[in-house]
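All remarks here apply to the structure that follows.
The values are calculated or read from the model by the stated rules, or taken from the named source; none is laboratory data. Keep in mind the model is a prediction, meaning the values are calculated, not measured. Cβ coordinates were reconstructed from backbone atoms using ideal geometry, including for glycine residues, and neighbour counts include every protein chain displayed. Areas reflect the complete protein model, heavy atoms only, side chains present, ligands, DNA and RNA absent. Shrake-Rupley method; radii C 1.70, N 1.55, O 1.52, S 1.80 Å.
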Amino acid sequence: MILVTGGAGFIGSNFVLDWLAATGEAVVNLDKLTYAGNVRNLAALEGDSRHTFVRGDIADRPLVEGLLADHRIRSVVHFAAESHVDRSIHGPADFVDTNIVGTFRLLEAVRSHWTALPAAEQQAFRFLHVSTDEVFGTLSPTDPPFAETNPYQPNSPYAASKAASDHLVRGHHHTYGVPVLTTNCSNNYGPWQFPEKLIPLVIANALAGKPLPIYGDGMQIRDWLYVGDHCAAIRRVLEAGRLGEVYCVGGASEKPNIEVVKTLCSILDAERPRSDGTSYATQITFVKDRPGHDRRYAIDARKIATELGWKPAETFETGLHRTVRWYLDHQDWVADVTSGGYRDWIAKHYG
Ligand code: NAD
Ligand code: TYD
């Protein structure tokens, strides 16, 4: 059995569903259910004995140690985090608590569990830490994409807290021998992404007739990866990654934000035309830039491709179409998660 942390969030819930479909191996899912976690994402698993959901904090060491021992956990996949850059600017403390202190306590629980395992189980055990390309900082238009050897230069409280967690994971491997793997992935998109992030926010606002906010000049570049491809990469690293190694994961799909938003508008124009016959692009509104906004992220994914044979199955075009259709078919989910707390956030952040 594996332990997944943060399995009620965006990538975590996609991973739990993908994992059970691909491997059938049972999952214990530990999630605090912050604003970003939603058990409705896992409704398809209701009554499925292979999925055990536990509401709790990764920083609760006795709880985590109990779960590791009681379920004889053979591997941990660690997604739980505060994940939104804009929220980290308004309130960085939660990012330190969960991403740094929480990861540290989780690592300590894992270390104590792993140390007590019989030799064969110790050898098979893995702790996979899911991280981000944002730890590497920002690229100029002509820089080569980030690779595993890039220095860490985090520029936001979110990126700094993830960078710190990566270092703690590395330290536990080199000092105590904890068998870790780390992935640094580029921007994900797909089903069940909370509509505070660019792609689901734009879809939701477009359909609601609201402005589509573009920070600054909209020429910041992100390397977009469909979430299902990220889940497949994590499965592959867990299965065959070399101990202590880092794998960069990306979509080879660099797009400026303005292009992403215009593409979303044209997909929506075709799938769900506006009643007045004009394009959703008329709702695009340039707003004040994000402080410290990184200009460009891009990933060189050659290591995971050559060592582990992973490459994305979706292109940006196919993935984005799938994503828009999913949001059109799941407007009840969007309505559900965009209630009180969400409205407070939008009012505070976008004024
Ligand atoms: P998310 O915000 O959608 O989900 C995070 C989940 O963690 C939520 O379900 C939340 O309830 C849970 N959580 C938060 N604090 C917790 C705690 N203290 N204890 C237990 N659970 C807690 O995030 P996401 O976008 O799914 O990202 C998942 C992971 O992947 C994060 O570590 C993030 O840094 C990393 N990542 C994300 C992206 C991306 O584009 N979204 C890209 C690369 C890496
Ligand atoms: P986001 O989805 O928050 O991911 P990240 O900051 O982790 O890359 O933002 C993606 C890009 O879109 C980023 O450059 C910021 C920009 N953005 C906007 O222009 N407007 C918005 O309303 C949001 C949420 C993001």
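Among all residues of segment 92-114, there is none that is part of a loop (DSSP other than H, G, I, E, B) and open to solvent by less than 40 Å² (accessible area, probe 1.4 Å).
Taken over segment 47-77, the criterion of being assigned to a helix (DSSP H, G or I) and over 18 Å from GLN122 (Cα atoms) is satisfied by ARG61, PRO62, LEU63.
Set side by side, the residues LYS288, LYS210 differ, and just one is of a type in the set (Lys, Arg), in contact with a strand residue (DSSP E or B) (Cβ under 8 Å, 6 or more places away or on another chain) and away from ligand 1 (no atom under 16 Å from the Cβ), which is LYS288. Every residue in segment 160-194 that is away from ligand 2 (no atom under 16 Å from the Cβ) and in contact with an Asp or Glu (Cβ under 7 Å, 6 or more places away or on another chain), please. The answer is LEU181, THR182. Can you name the residue in segment 201-224 that is open to solvent by less than 10 Å² (accessible area, probe 1.4 Å) and in contact with a helix residue (DSSP H, G or I) (Cβ under 8 Å, 6 or more places away or on another chain) and, of all such residues, is nearest to SER275 (Cα to Cα)? The residue in question is ALA206. HIS174 meets all of the listed conditions (1) within 16 Å of ligand 1 (Cβ to nearest atom); (2) open to solvent by 10 Å² or more (accessible area, probe 1.4 Å); (3) assigned to a helix (DSSP H, G or I) but one, namely (1).
Return the residues of segment 282-304 that are open to solvent by 40 Å² or more (accessible area, probe 1.4 Å) and small (Gly, Ala, Ser); say none if nothing qualifies. Residue satisfying the conditions is GLY292 alone.
Which members of segment 69-91 meet the condition of being aliphatic (A, V, I, L, M), within 17 Å of the chain's Cα centre (by Cα) and open to solvent by less than 30 Å² (accessible area, probe 1.4 Å)? Steps first, please.
Applying the first criterion (aliphatic (A, V, I, L, M)) to segment 69-91 yields 69, 73, 76-77, 80-81, 85, 89.
After this cut, where a residue has to be within 17 Å of the chain's Cα centre (by Cα) as well, the list is 76-77, 80-81, 85.
Across segment 69-91, the qualifying residues are VAL76, VAL77, ALA80, VAL85.
Only residues that are within 14 Å of ligand 1 (Cβ to nearest atom) and not basic (Lys, Arg) were counted in segment 221-255, giving 19.
Which ones in segment 127-149 are assigned to a strand (DSSP E or B) and either within 16 Å of ligand 2 (Cβ to nearest atom) or among the polar types (S, T, N, Q) (or both)? VAL130, SER131, THR132, PHE146 - these are the residues of segment 127-149 that are assigned to a strand (DSSP E or B) and either within 16 Å of ligand 2 (Cβ to nearest atom) or among the polar types (S, T, N, Q) (or both). Kindly provide the set of residues from segment 17-55 that are at positive phi and within 15 Å of ligand 1 (Cβ to nearest atom), ordered by number. Hit for segment 17-55 is LEU33, nothing else.
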